[in-house]
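What follows is one structure encoded as structure tokens, with my remarks underneath.
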Amino acid sequence: MKIEYIYHSGFCIETDNYFLVFDYYKGDINLSNKKTIAFSSHGHADHFNPAIFQWSKTQPDISYVLSSDIKIEPSINTYMMEPYELLNLFDITIKSFGSTDLGLSFLVKVDGKTIFFAGDLNWWYWDDDSEAEKQLMEKAFKEEIGKIKSDDIDIAFFPVDSRLKENFYIGGEYFIQELRPKLFIPMHFGDDFKTTTYFKQKVNCSASKIIEIYKRNQIIDL
């Protein structure tokens, strides 16, 4: 398996039989001649770019798996998902979970691996939120993580956002403590690569290997 960081929350994953693209919105991307599936977790402009539909010009059998909040005209090979649905696509199993913002998170079982892509699911602890808002966010986040706990995760992509200041790590730390993915890959940091280093230094968990991202189009070979 080969993983490539594109930008922000955009990643490509190449497995034995598939090429998966998650939350592309900009950056350099080289599509594969393997069976391709593009995922968009929600319609925020930093997670979804309608330009992905242009890929069908060179990849006519490409499939799209999109959150239902994304408003597009229905078309073949496009699958719209609500939270807590199950989609079997080819021999891939896709479960949708909720978010603490807009849209979905995805649990994808492909070629013997289980991948979790969080989208904007995070413990969004903002300094200027009221105490009541902070408590509601914590409750919603922990409840959502509890719904995922029955699945063993090989690779997790999860937000580590420096805009949260000293709270940038708490969602990812809780995710690791509760779900113990074999590999944890930070995202949602734009070009603020040092955030991934700080996260690895801050969160100590021997059960999960934390990857540092230090450049666009970084390759992670597994």
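How about segment 60-79: which of its residues are small (Gly, Ala, Ser) and either modelled with pLDDT under 95 or in contact with a helix residue (DSSP H, G or I) (Cβ under 9 Å, 6 or more places away or on another chain) (or both)? Steps first, please.
Going residue by residue through segment 60-79, those that are small (Gly, Ala, Ser) are 63, 67-68, 75.
Passing the criteria: only Ser75.
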Exercise. Taking Asp128 as the residue in question, decide whether it is without any contact (Cβ under 8 Å) to a residue 40 or more places away in the chain and farther than 18 Å from Phe22 by Cβ.
Key: yes
Self-check item: All positions within segment 87-139 that are buried (at least 16 other Cβ atoms within 10 Å of the Cβ), more than 18 Å from the chain's Cα centre (by Cα) and of a type outside the set (D, E, K, R)
Solution: Leu89, Tyr125, Met137
Quiz prompt | Matching residues, segment 98-116, being touching a Phe, Trp or Tyr at 6+ places or on another chain (Cβ under 9 Å) and either among the β-branched types (Val, Ile, Thr) or closer than 17 Å to Ile176 by Cα (or both) | solution = Thr100, Ser105, Phe106, Leu107, Val108, Val110, Ile115, Phe116
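Looking only at segment 182-205, which residues are in contact with a strand residue (DSSP E or B) (Cβ under 9 Å, 6 or more places away or on another chain), aromatic (Phe, Trp, Tyr) and either under 20 Å from Thr114 (Cα atoms) or not in a helix (DSSP H, G or I) (or both)? Before you say what the answer is, go through the steps one by one.
At the first step, the residues of segment 182-205 found to be in contact with a strand residue (DSSP E or B) (Cβ under 9 Å, 6 or more places away or on another chain) are 182-191, 195-196, 199-200, 203, 205.
Now drop any that are not aromatic (Phe, Trp, Tyr), which leaves 184, 189, 199.
Selection gives Phe184, Phe189.
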Quiz item: Looking at (1) aromatic (Phe, Trp, Tyr); (2) surrounded by fewer than 16 Cβ atoms within 10 Å (Cβ to Cβ); (3) under 22 Å from Phe184 (Cα atoms), which is the one condition that is false for Phe11?
Solution: (2)
Exercise. Please work out if Ser150 is closer than 20 Å to Met81 by Cβ and loosely packed, with under 15 Cβ neighbours inside 10 Å.
Key: yes
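Condition first: free of Cβ contacts under 8 Å to residues at least 40 places away in the same chain, on the phi > 0 side of the Ramachandran plot and among the basic types (Lys, Arg). Can you find one or more residues in segment 139-153 that meet it? Break it down into steps so the answer makes sense when it comes.
Here is the first cut: in segment 139-153, the ones free of Cβ contacts under 8 Å to residues at least 40 places away in the same chain are 139, 142-143, 145-146, 149-150, 152.
Narrowing further to those that are on the phi > 0 side of the Ramachandran plot: none.
No, segment 139-153 contains no residue that is free of Cβ contacts under 8 Å to residues at least 40 places away in the same chain, on the phi > 0 side of the Ramachandran plot and among the basic types (Lys, Arg).
Just to be sure before I move on: is Ile213 among the hydrophobic types (A, V, I, L, M, F, W, C) and in contact (Cβ under 8 Å) with a residue 40 or more places away in the chain in the structure I sent?
It is true that Ile213 is among the hydrophobic types (A, V, I, L, M, F, W, C) and in contact (Cβ under 8 Å) with a residue 40 or more places away in the chain.
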Exercise. Any chance you could count how many residues in segment 18-74 are farther than 21 Å from Arg216 by Cα and either touching a Lys or Arg at 6+ places or on another chain (Cβ under 6 Å) or acidic (Asp, Glu) (or both)?
Key: 4
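Please pick out the residue among Ser162, Ser208 that is of a type in the set (S, T, N, Q), closer than 21 Å to Thr114 by Cβ and surrounded by 15 or more Cβ atoms within 10 Å (Cβ to Cβ).
Working: Ser162 fails: closer than 21 Å to Thr114 by Cβ.
Going through Ser162, Ser208 in turn, the sole match is Ser208.
Do you know which residues across segment 54-74 are surrounded by 15 or more Cβ atoms within 10 Å (Cβ to Cβ) and under 23 Å from Leu107 (Cα atoms)? Talk me through it step by step, then tell me what you get.
So the first thing to find is which residues in segment 54-74 are surrounded by 15 or more Cβ atoms within 10 Å (Cβ to Cβ), and the list is 55-56, 59, 62-70.
The answer is Ile62, Ser63, Tyr64, Val65, Leu66, Ser67, Ser68, Asp69, Ile70.
Quick check on segment 188-196. Is at least one of its residues modelled with pLDDT under 95, exposed (fewer than 13 other Cβ atoms within 10 Å of the Cβ) and under 14 Å from Ser9 (Cβ atoms)? Let's see the steps before the verdict.
Filtering segment 188-196 for residues modelled with pLDDT under 95 gives 190-191.
Restricting the remaining residues to those that are exposed (fewer than 13 other Cβ atoms within 10 Å of the Cβ) gives 191.
Checking the rest, the ones that are also under 14 Å from Ser9 (Cβ atoms) come to 191.
Within segment 188-196, one or more residues are modelled with pLDDT under 95, exposed (fewer than 13 other Cβ atoms within 10 Å of the Cβ) and under 14 Å from Ser9 (Cβ atoms).
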Quiz item: Can you pull out the residues in segment 144-175 that are closer than 17 Å to Leu102 by Cβ and not hydrophobic (A, V, I, L, M, F, W, C)?
Solution: Glu144, Pro159, Asp161, Arg163, Gly171
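Answer yes or no as to whether Gly146 is small (Gly, Ala, Ser), in a helix (DSSP H, G or I) and more than 13 Å from the chain's Cα centre (by Cα). Step through it out loud before you land on a result.
Details: small (Gly, Ala, Ser): yes; in a helix (DSSP H, G or I): yes; more than 13 Å from the chain's Cα centre (by Cα): yes.
It is true that Gly146 is small (Gly, Ala, Ser), in a helix (DSSP H, G or I) and more than 13 Å from the chain's Cα centre (by Cα).
The values are calculated or read from the model by the stated rules, or taken from the named source; none is laboratory data. What you are looking at is a predicted structure, and each value in this text was computed from that prediction instead of being measured. Note that we place each Cβ from the backbone using ideal geometry, even for glycine, and neighbour counts take in every protein chain shown.
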